[in-house]
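**Q** Submitted below is the structure of interest, expressed as structure tokens.
Derivation of every value follows stated rules applied to the coordinates shown; laboratory data play no part. Predicted model, so just to flag it, every value in this text is computed and none were measured. As a convention, Cβ positions derive from the backbone with ideal geometry for all residues, glycine included, and neighbour counts pool all protein chains shown.
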Amino acid sequence: MNVPSTGTSSHEGGFLALPSNIGDYEDTKFAFLPELGTKLRVLMTSRFEFSIGYTALYLTSASRVGSSLDRRIDASQLTSLASQGVASSGAPQASIRDGGLFAHGMSLGIILSH
């Protein structure tokens, strides 16, 4: 950080990593991952076969960074303003949010026999 008349300084953290949420956080939960799939194979000729398939997965408990990130910034926790006695709101807060995750895929195949 470059503060006028004081020069350049460095400190731990940044705009979204402030003293209110720096550290190690963990959460352990049981998750279930069912899978459903189907495939259709068609014999086009005696030597040529075509297949198409679909697979669906659902993870019951998945933590993703985008949903857990608190984007509120408390300017009073920035080093230059903290020294001026600005009141803190305590944001951003550390949190681990989870939810279901649905994934699906498709497959295509060609088999040539000789």
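**Q** How long is the gain from residue 26 to residue 106 if the chain were fully straight, where each residue apart is worth 0.36 nm and the alpha carbon distance is subtracted?
**A** 25.4 nm
**Q** Still on this structure: Output ³J(HN,Hα) for the range 31-37: one whole-Hz value per residue in order, computed from phi by the Karplus curve 6.51 cos²θ - 1.76 cosθ + 1.60 with θ = phi - 60°, and x for Gly and Pro.
**A** With coefficients 6.51, -1.76 and 1.60, one gets 10, 10, 10, x, 10, 10, x Hz.
**Q** If you count, for each residue, the other Cβ atoms within 10 Å and average over each peptide, how do 102-114, 41-53 line up from highest to lowest?
**A** 41-53, 102-114
**Q** Quick one: what are the phi-derived ³J(HN,Hα) couplings along the range 99-106, Karplus 6.51/-1.76/1.60 with θ = phi - 60°, whole Hz, x for glycine and proline?
**A** x, x, 10, 9, 10, 9, x, 10
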